[in-house]
1. Report, in debye and to the nearest 20, how large the dipole of the chain comes out about its Cα centre when Lys and Arg carry +1 and Asp and Glu carry -1 on their Cβ.
2. Under the Kirkwood approximation applied to all pairs of distinct alpha-carbon atoms, what is the hydrodynamic radius of the stretch 34-80 in Å?
3. If Lys and Arg each add +1 and Asp and Glu each add -1, what is the summed charge of the other residues whose beta carbon sits under 9 Å from the beta carbon of Val36?
4. Each residue of the stretch 27-35 in order: what ³J(HN,Hα) in whole Hz does its phi give by Karplus 6.51 cos²θ - 1.76 cosθ + 1.60, θ = phi - 60°, with x for Gly and Pro?
5. Of the options Ala23, Leu72, Thr53, report the single residue whose Cα projects farthest towards the positive end of the charge dipole of the chain (beta-carbon charges: Lys, Arg +1; Asp, Glu -1).
6. Treat the chain as a sphere of radius equal to its Kirkwood radius over Cα pairs and apply Stokes-Einstein at 37 °C in a medium of 0.692 mPa s; give the translational diffusion coefficient in µm²/s, rounded to a whole number.
7. Please give the length that would be gained between Gln27 and Ser77 if that part of the chain were fully extended, namely 0.36 nm times their separation in residues minus their C-alpha to C-alpha distance (nm, one decimal).
Amino acid sequence: MKVMTQFSILTDEFIREAASSGAFARQAALAAGQPVVFIDSSGRYVEEYPGGTRFEIRLDPGQPRETHRKILRQLTSSAA
């Protein structure tokens, strides 16, 4: 019986391109006046507004859309 070798599409080039695309989409959304939500390098959910203000948030998917986001604290530039 022939065993398939493991195959991964997650090459270094793919990872770089995915990160670049995400950064581009983030900047485009902010430039269009829309806030963005992302996970930072510390694993926190961060909501960033076009003016640069950032909040650490918690998402509660069991709540209605208007109330599923809870602001935990505002992040300073040293905490972001």
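Bear in mind that the values in this text are calculations on the coordinates, not laboratory data. Treat the numbers as computed from the prediction; the structure is a model and nothing was measured. Counting neighbours? That spans all protein chains shown, and the Cβs are built from the backbone with ideal geometry, glycine included.
1. About 200 debye.
2. After inverting the mean inverse Cα-Cα distance, the result is 11.1 Å.
3. Once positives and negatives cancel, what remains is -1.
4. Result, ordered by residue: 5, 5, 5, 5, 5, 8, x, 9, x Hz.
5. Leu72
6. 217 µm²/s
7. 16.2 nm
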